[in-house]
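Visitor: Mind looking over this structure? Questions follow.
The values are calculated or read from the model by the stated rules, or taken from the named source; none is laboratory data. Please read all numbers here as calculations on a predicted model, not as lab measurements. Positions of Cβ are generated from backbone atoms using ideal geometry, with glycine treated the same way; all protein chains shown enter the neighbour counts. Please note that ligands, DNA and RNA were not included when accessible areas were found on the heavy atoms of the full protein model with its side chains. Shrake-Rupley method; radii C 1.70, N 1.55, O 1.52, S 1.80 Å.
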Amino acid sequence: FLGIYLAALLANGLIITAVACDHHLHTPMHFFLLNLSLLDLGCISITVPKSMTNSLWDNRAISYSGCTAQVFLV
């Protein structure tokens, strides 16, 4: 989980940085690619950390408020 999470953070961060810094990448296609990277970054940062803590501590429980927050944020 950690390797995939870090790879996704790195890849999305590079896309966001490249599109934001390079003036030639300010086209509609790159704008939508930037939005897709931000959405992917948000979805991965909501669900994966809780899965990693559950797998490391061998715990399957999630509170009702935690579950509601994850569903609302995703």
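Visitor: How tilted is helix 28-56 with respect to the longest principal axis of the chain? Cα atoms for both, answer in degrees (0 to 90, nearest 10).
Guide: Roughly 20 degrees, rounded to the nearest 10.
Visitor: With a cut-off of 8 Å between alpha carbons and a minimum separation of six or more residues, what is the relative contact order of the chain in percent?
Guide: Normalised by residue count, the contact order of the chain is 32 percent.
Visitor: How do 33-42, 51-60 rank on mean C-beta neighbours within 10 Å, highest first? Mind showing how you got there, number by number?
Guide: Working: 33-42: 14.7, 51-60: 10.3.
Listed from highest to lowest mean packing, they are 33-42, 51-60.
Visitor: If one takes the longest principal axis of the Cα atoms in the chain, at what angle in degrees, from 0 to 90 and to the nearest 10, does the Cα axis of helix 64-73 lie?
Guide: 10
Visitor: Determine the share of the chain's accessible area contributed by carbon and sulfur atoms, expressed in whole percent, with a 1.4 angstrom probe.
Guide: Working: 4180 of 5640 Å².
Carbon and sulfur atoms account for 74 percent of the accessible area of the chain.
Visitor: Determine the order of CYS43, CYS21 by accessible area, beginning with the largest, at a probe radius of 1.4 Å.
Guide: If we order CYS43, CYS21 from most to least accessible, we get CYS21, CYS43.
Visitor: Taking only protein heavy atoms into account and a 1.4 Å probe, give the accessible area per residue of the chain in Å².
Guide: Numbers: 5640 Å² over 74 residues.
Per residue, the chain has 76 Å² of solvent-accessible surface.
Visitor: Indicate the gyration tensor shape class of the stretch 1-59 (rounded, prolate or oblate), computed on the Cα atoms with a ≥ b ≥ c the square roots of the eigenvalues: a/c under 1.5 is rounded; otherwise a/b larger than b/c is prolate and the rest oblate.
Guide: It comes out prolate by the Cα gyration axes.
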